[in-house]
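The values are calculated or read from the model by the stated rules, or taken from the named source; none is laboratory data. Since the model is a prediction, treat every value here as computed from it, not as a measurement. Ideal geometry is used to build each Cβ from the backbone, glycine not excepted, and the neighbour counts take in all protein chains shown.
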Amino acid sequence: MSLTPEQVRRVAHLARIEISDAEVQTTLGHLNGIFALIEAMQAVDTKGIEPMAHAQDVAQRLRADHATEPNQREAFQAVAPETEAGLYLVPKVIE
Amino acid sequence: MSMNNWEVVIGIETHAQLSTQSKIFSGASTAFGAEPNTQACAVDLALPGVLPVLNRGAVDCAIKFGLAIGAEVAAKSVFARKNYFYPDLPKGYQISQFELPVVVGGKLTIQVGQGENLREKTVNLTRAHLEEDAGKSLHEDFHGKSGIDLNRAGTPLLEIVTEPDMRSSAEAVAYARALHALVRWIGICDGNMQEGSFRCDANVSVRRPGQPLGTRREIKNLNSFRFMQQAIDYEVQWQIAEIEDGRAIQQATVLFDPDTGETRMMRSKEDAHDYRYFPDPDLLPLIISPDWIERTRKTMPELPEAKKQRFVADYGLSAYDAAALTGSLEIADFYEATVSAAGKPSAKPCANWVMVDLAARLNKDDKEFGQSPVSAKQLGGLVARIADNTISNNIAKKVFEALWNGEGSSADEIIEKQGLKQITDTGAIEALIDEVLAANAAMVAEFKAGKEKAFNALVGQAMKATKGKANPQQVNELLKKKLA
């Protein structure tokens, strides 16, 4: 399987990465290289093997349901580009 | 245009906010209504280097829900990243579950219609999965910018998905109500729709009966049962009109506008999100042992369906009354406490007092059962005094009103203080009747001349003389005897 330049542009758009025509070509080469690796791996017979969701075969650790985090708004907002009335301000977005 | 020969198909997705103290992957508080961003910690803000740690309480809620709907609680489920960009989602992805959800299958019994048209239906559930909520974007005027409040970011949600089993807006609303009652019943969600704790999306399509499913449109964020009904009704009419006019339905996401009563398109299939789900490498699979499930089962209250059947068997209630009294855990508990105060033989009158008199009075003052000024113990005490003939039903209504207004701490106290005790002493009633007869000689003469109406007037006079405290039947009999 190999990608088309259009698919590369779509993936870049979904990732919100601006990409020039020249970069589309280089990225296409890189991604196709990754696909070649995947194809090589797919040659391995995995019949009867349950897919793993994580590289480590261990269970998720859990925490007790207690509110433990204090309010640190001032510290967090001190490094924010813009805030007002306790809110983080961002370029206007309306879906 | 007509609804004839069209079948409506509806599936519902619900986001239930879980009643935990802290967020699903961080230790920040989930309390509602705090100052903006005071409950958003480094994990919720997605600061570099933070890692999510799953909240056991959120998993407990999912297990309870799975048990309540007879579903399979997955021994192993996996968290996945749902990728999209929006400023109130700081990580650039929402942690959700995709291929392996925590709850699989299950069903919910719903009651559709009223009175004689009441019928039961089973709605099959597809799945329920754990996920985190996003923050809130405020688009008011911040000099052309949007304000972001991340207090809600990371709040635990259970997304509950049905099969496309509902066939009308009434069924959809009945399902939403039953689910709303259930999540509150088992204590996993407060169900507060104004605060967004329980929000529904409805997938709606129409087809000719027997044909394959039509193309669906999804109505997003229905936060009241009334809006759900209106939105689906409008959407169904719109889709039928489109098809009958020869236009095909395009898959889309729509929003309901309560002001116009219409649905309007938010995004088409072309703009649909491509979420690129993949397992979250920051989280290991969630393993739920059979032991954990059994321990949880032991903490669960008796479920609505089981309670309903017990009310029919133990208290001799009709299926309709039992269903109404198990509409919520609050009502059911109130009813049982009332019966326990009044005595089991009074179970049926207790049902009437709770469902009719008390419910109407609460409704009038816009109050919930939990806010009733008359306690179950007080109401039971009142019903007990009707049962032992201390007061008549009519006087009981007076005593109820007095209890409601706080004129006494118990029915007995009010009956005593206001002298409402029913007069059962035959001699006393006879004396009063004699007075009435003496004072109304004209009426007596009329009756004797054959005017039946005069008898009723005399009963009225006699009841008045007893200030309503005599048993009307007894007065009737005594009067008949005297006039014979």
Given (1) surrounded by 17 or more Cβ atoms within 10 Å (Cβ to Cβ); (2) out of contact with any Lys or Arg (no Cβ under 7 Å at 6 or more places or on another chain); (3) touching a residue at least 40 places away in the same chain (Cβ under 8 Å), B:Trp292 misses just (1)
Looking at region A:48-79, which of its residues are touching a Leu at 6+ places or on another chain (Cβ under 8 Å), surrounded by fewer than 17 Cβ atoms within 10 Å (Cβ to Cβ) and modelled with pLDDT under 95? A:Gln56, A:Val58, A:Ala59, A:Arg61
How many of the residues in region B:456-484 are charged (D, E, K, R) and either within 46 Å of the chain's Cα centre (by Cα) or surrounded by 14 or more Cβ atoms within 10 Å (Cβ to Cβ) (or both)? 4
Write out, first by first residue and then by second, each pair whose Cβ atoms fall under 7 Å of each other, whose residues are 6+ apart or on separate chains, and whose first residue, in region B:56-67, is more than 12 Å from A:Leu62 (Cβ to Cβ) while the second is basic (Lys, Arg) and surrounded by 24 or more Cβ atoms within 10 Å (Cβ to Cβ). none
Given the condition within 19 Å of B:Leu54 (Cα to Cα) and within 22 Å of the chain's Cα centre (by Cα), answer yes or no: does some residue in region B:105-128 qualify? yes
A careful count of residues in region B:138-167 that are of a type in the set (Asp, Glu), more than 27 Å from the chain's Cα centre (by Cα) and within 22 Å of B:Phe198 (Cβ to Cβ) gives 1
If we keep just the residues of region A:4-31 that are at pLDDT below 90 and assigned to a loop (DSSP other than H, G, I, E, B), which is farthest from the other protein chains (Cβ to nearest Cβ)? A:Ala15
Counting only residues that are farther than 16 Å from B:Gly187 by Cβ, modelled with pLDDT of 95 or more and more than 24 Å from the chain's Cα centre (by Cα), region B:56-87 contains a total of 11
Just checking, how many residues over region B:143-159 are modelled with pLDDT under 95 and over 12 Å from A:Val93 (Cα atoms)? 1
Subset of region B:117-157 that is of a type in the set (S, T, N, Q) and either within 14 Å of chain A (Cβ to nearest Cβ) or surrounded by fewer than 18 Cβ atoms within 10 Å (Cβ to Cβ) (or both) - its residue that is nearest to B:Ile12 (Cα to Cα): B:Asn124
Could you tell me whether any residue of region B:158-166 is closer than 16 Å to B:Asp44 by Cα, touching a residue at least 60 places away in the same chain (Cβ under 8 Å) and either in contact with a Phe, Trp or Tyr (Cβ under 7 Å, 6 or more places away or on another chain) or buried (at least 24 other Cβ atoms within 10 Å of the Cβ) (or both)? no
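Counting residues that are of a type in the set (S, T, N, Q), which strands (runs of 3 or more DSSP E) fully inside region B:205-293 reach at least 2? Even if it seems obvious, please write down each step before you answer.
On the way: elements: B:217-222, B:252-257, B:262-268.
It comes to B:262-268.
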When you check B:Ser26 against the structure, is it free of Cβ contacts under 8 Å to residues at least 40 places away in the same chain and at the interface with chain A (Cβ under 8 Å from one of its Cβ atoms), yes or no? no
Anything in region B:264-292 that is in contact with a Leu (Cβ under 7 Å, 6 or more places away or on another chain), more than 9 Å from chain A (Cβ to nearest Cβ) and farther than 29 Å from A:Gln7 by Cα? List them, or say none. B:Arg264
Against the definition (at pLDDT 95 or above and either touching a strand residue (DSSP E or B) at 6+ places or on another chain (Cβ under 6 Å) or under 26 Å from B:Ser96 (Cβ atoms) (or both)), how does B:Ser268 come out, yes or no? no
Members of region A:46-84 that are more than 7 Å from chain B (Cβ to nearest Cβ), over 23 Å from the mean Cα position of the chain (by Cα), assigned to a loop (DSSP other than H, G, I, E, B) and of a type in the set (A, V, I, L, M): A:Ile49, A:Val79
Within region B:429-455, the count of residues that are without any contact (Cβ under 8 Å) to a residue 24 or more places away in the chain, surrounded by 13 or more Cβ atoms within 10 Å (Cβ to Cβ) and in a helix (DSSP H, G or I) comes to 3
Test each condition in (1) within 14 Å of another protein chain (Cβ to nearest Cβ); (2) in contact (Cβ under 8 Å) with a residue 40 or more places away in the chain; (3) closer than 22 Å to B:Leu67 by Cα for B:Pro101 and report the one that comes out false. (2)
Of the residues in region B:1-33, those that are more than 30 Å from B:Ile243 (Cα to Cα) and surrounded by fewer than 18 Cβ atoms within 10 Å (Cβ to Cβ) come to B:Gln21, B:Ala31, B:Phe32, B:Gly33
List the helices (runs of 4 or more DSSP H) that sit entirely inside region B:353-416 and contain at least 2 residues that are surrounded by fewer than 16 Cβ atoms within 10 Å (Cβ to Cβ) and under 23 Å from the mean Cα position of the chain (by Cα). B:359-364
Of the conditions (1) within 27 Å of B:Val78 (Cα to Cα); (2) among the aliphatic types (A, V, I, L, M); (3) at the interface with chain B (Cβ under 7 Å from one of its Cβ atoms); (4) within 23 Å of the chain's Cα centre (by Cα), A:Ile34 clears all except one; give me its number. (3)
